[in-house]
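Each value in this text was obtained by applying a stated rule to the coordinates, not by laboratory testing. Note that the structure is a prediction, hence the values are computed from the model and not measured. Here the Cβ positions follow ideal geometry from the backbone for every residue, glycine too, while neighbour counts run over all protein chains shown.
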Amino acid sequence: MLILYTTIFIHFLLFAWGAYYRLSRLHFPRGLPHRLKLLLHDFSTGYTLALAGILEKLGICHRYSIIRAILLFIPKTKEPELIIKDLVFDGVPVRVYWPKTSPAGNRKGIIFLHGAVGLFASIRTSERICHSIAHQTDSVVMCVEFRLAPEHPYPAPVLDCLTAVIYFMKKAKEYGVDPSCIAIVGESSGGTKATAICQELVTREDLPRMRAQVLIYPFLQGMDFNLPSYQQNQSIPPLFQKRAVKLGLTYLTGKTINVDGILKGAHVPPDLREKYQKWISADNIPEEFKARGYVPVVPAPFSEELYEQVKRGTETMFCPLLAEDDIIRQLPETFILTCEYDVLRDDGLLYKKRLEDNGVPVTYHHLPDGFHGILGAAGCGPLEFPSTKKCMQHVVEFLKGL
């Protein structure tokens, strides 16, 4: 009985804390629609994260284990028009989706990499997205079940993706795919992995060339967390500025790190800051994206200790915006989608500029009413946002045009 009362009391405290914290600290700009729905979505996310943190401190389970367990309760969806198989590509679990209709020849191949910072999403959480892409584009879709941090921190997840992608590209015809028409799609941190993989493959002469990369509100740099989008959207759910950095560093290091110094830029050596200033700077952000306010921030004094903890974050496989121009100019046609109310918005804008400066064709879409993670609500009926449908529509139209 005591355990029951204790459990009820903990839930009550979490609910009360969550309601106070959200209502007192969230910021909803006037242009952000569907605030109540977003508030409820964020409350459930924050509640789950808080409960998971308490259970971890009590020694019951790892905080990300409980989140993954909760995600298993997402109802499975049936898609009678698709053939779906769980396979293993060179040791990496994948799920492949084929339309049941008979094609005239080999189909396009679409590789999908999910987001959630490489910590708690899975093939299952991406089912609705993959169903929609396979069905609407009449393509073969392959989704990768890569290992997750913090048990398997960077670079293990991205190397799993790279392994599965290489296998798929080599064996494309065996799966009914045209090797010359394979595109890679990444959402959020999946966009990081998609970008990094495309950069890794440009020098591979033993593989077909990637036809296109599709980057949906991607994370692409960890040098400056005070760009306009980080300032403007720091308190907009679900990806707050501090939460984004905390989760990203857990993925990078497998540990929980105090992010205060990193938010102030103390982790970047002066020589690296000077070297990459030409690519990662608010000066490269169009003025219309600063309309909601931007104040230049002077970085905090450099901390050698902090840099040593996170120095692998300067590798291009984690921070693709740092790739050299000779790599960038070899990249395939690119689709980039950004959302106005997203801390990662400016990463996409900076990469768009780099690609265009190096002659890479870019299809760009910006959702003025969008926020981070909107694609995750695809196929969820009343939980969908209008920007969810717009996002999916833009992605599908681009892929159909390849």
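Numbers at a glance
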| item | result |
| --- | --- |
| Over the range 70-173, equivalent-ellipsoid semi-axes from the Cα gyration tensor in Å | 24, 18, 9 |
| Estimated distance in nm for a label pair at Lys85 and Glu304, the labels positioned 7 Å out from Cα along Cα-to-Cβ | 5.6 |
| 3J(HN,Hα) from dihedral phi, the range 88-99, Karplus parametrisation 6.51/-1.76/1.60, rounded to Hz, x for glycine, proline | 10, 9, 6, x, 10, x, 9, 10, 10, 10, 10, x |
| Potential lengthening between Ala156 and Lys170 on full extension [0.36 nm per residue; Cα-Cα distance subtracted] | 2.9 nm |
| Two-site FRET efficiency, Val297 against Ser102, from Cβ-Cβ distance with R₀ of 60 Å, rounded to 0.05 | 0.55 |
| Of Glu305, Glu205, Glu127, the one that fluctuates the most in a GNM where the chain has Cα springs shorter than 10 Å | Glu205 |
| Of every Cα-Cα pair in the range 281-375, the percent that sits beyond 18 Å | 58 |
| Burial order of peptide ranges 187-195, 75-83, 366-374, 277-285 (average beta-carbon count within 10 Å, highest first) | 187-195, 366-374, 277-285, 75-83 |
| Centre separation in Å (Cα based) which lies between the range 355-392 and the range 273-312 | 25 |
| Built amide H within the under 5 Å cut-off of Ile111, gap 5+ | Met142, Ala183, Ile184, Val185 |
| Under 25 Å from the Cα of Lys57 - lysines, other chains or at least 8 residues apart | Lys242, Lys246, Lys255 |
| Extension gain from Asp206 to Lys389, taking 0.36 nm per residue of separation minus the Cα-Cα distance | 62.1 nm |
| Candidate lysines - alpha carbon under 30 Å from Lys171, same-chain residues fewer than 8 apart omitted | Lys76, Lys78, Lys85, Lys100, Lys108, Lys193, Lys400 |
| Label point distance in nm, Asp283-Lys76, each placed 7 Å from Cα along Cα→Cβ | 5.6 |
| Computed lengthening from Ser65 to Arg147, 0.36 nm per intervening residue step minus Cα-Cα distance | 28.2 nm |
| 3J(HN,Hα) from dihedral phi, the range 266-274, Karplus parametrisation 6.51/-1.76/1.60, rounded to Hz, x for glycine, proline | 6, 8, 9, x, x, 5, 5, 4, 5 |
